[in-house]
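Worksheet: the structure to be examined is printed underneath.
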Ligand SMILES: [Zn+2]
C-alpha cells in the first residue's frame, strides 16, 4: 500500500490500458494502483456514490471526494464464469464474479472476484472482507470470507 497522492496520472493510465479513465473515476483507479479501495463520497450528506459520478444523487452537491472504505461487506449476488474468451479455453476453476454490498451503505455494491474459499462454499449474504490479488501484473481488489465473528 502507498499513498494514492504519490501515484501519477501516467502510472494510472499505464496500469489500466483497456479502461476508459476520466475525471470522475481517475481517483478510484489511482487508489487501486496504491492498493486502496476508494469510493466517491458526498461531503455534504455522507452518501457513498458508486458507480462514479461527480454529483451526489441524493443532495445534488458537487463536493464529492474519493474516500477509503473499510473493506467489509457481504455477498449480494455472484455468478460463476466457466469459460474464457477463447471459446476453446475452459477454465480449471470458474471465476467467481460477485457484487459485494459494502458495509458503508445499503445498495453500495462493488464487483470483484471472491477468493480464499471453495466455489461451492460461497453463499449469498456471506460476510466477506477486502483482500488484494495479483491480476495481469498488478494488484486488484477481491473479497475473501471474513473470519467468524467479524463483519
Ligand atoms: Zn450528498
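Hey, any hits in the stretch 96-112 for a residue that's away from the ligand (no atom under 16 Å from the Cβ), out of contact with any strand residue (DSSP E or B) (no Cβ under 7 Å at 6 or more places or on another chain) and in the same structural domain as residue 132 (by TED's automatic domain parsing)? So far as the stretch 96-112 goes, no, none of its residues is away from the ligand (no atom under 16 Å from the Cβ), out of contact with any strand residue (DSSP E or B) (no Cβ under 7 Å at 6 or more places or on another chain) and in the same structural domain as residue 132 (by TED's automatic domain parsing). Do we find that residue 116 is within 30 Å of residue 7 (Cα to Cα), assigned to a loop (DSSP other than H, G, I, E, B) and not assigned by TED's automatic domain parsing to the domain that holds residue 8 in this structure? Answer is yes for this residue. Please determine whether any residue of the stretch 75-96 is touching a residue at least 60 places away in the same chain (Cβ under 8 Å), closer than 14 Å to residue 41 by Cα and part of a strand (DSSP E or B). No, the stretch 75-96 has no match at all. In the stretch 50-61, the residues that are closer than 20 Å to residue 37 by Cα form Cβ pairs under 8 Å with partners that are outside any loop (DSSP other than H, G, I, E, B) and near the ligand (Cβ under 9 Å from one of its atoms), at six or more places apart or across chains, as follows: 53/64; 54/64; 55/64; 56/42; 56/49; 56/64.
Among all residues of the stretch 37-54, there is at least one that is away from the ligand (no atom under 16 Å from the Cβ) and within 15 Å of the chain's Cα centre (by Cα). For the structure I just gave you, tell me whether residue 115 is over 21 Å from residue 30 (Cα atoms), surrounded by 13 or more Cβ atoms within 10 Å (Cβ to Cβ), in contact with a helix residue (DSSP H, G or I) (Cβ under 9 Å, 6 or more places away or on another chain) and without any contact (Cβ under 8 Å) to a residue 40 or more places away in the chain. No: the conditions fail for residue 115.
The values are calculated or read from the model by the stated rules, or taken from the named source; none is laboratory data. As the structure is a prediction and not an experimental result, all values here were calculated from the model. Methodologically, a virtual Cβ is constructed for each residue, glycine included, from the backbone with ideal geometry; neighbour enumeration extends over all protein chains shown.
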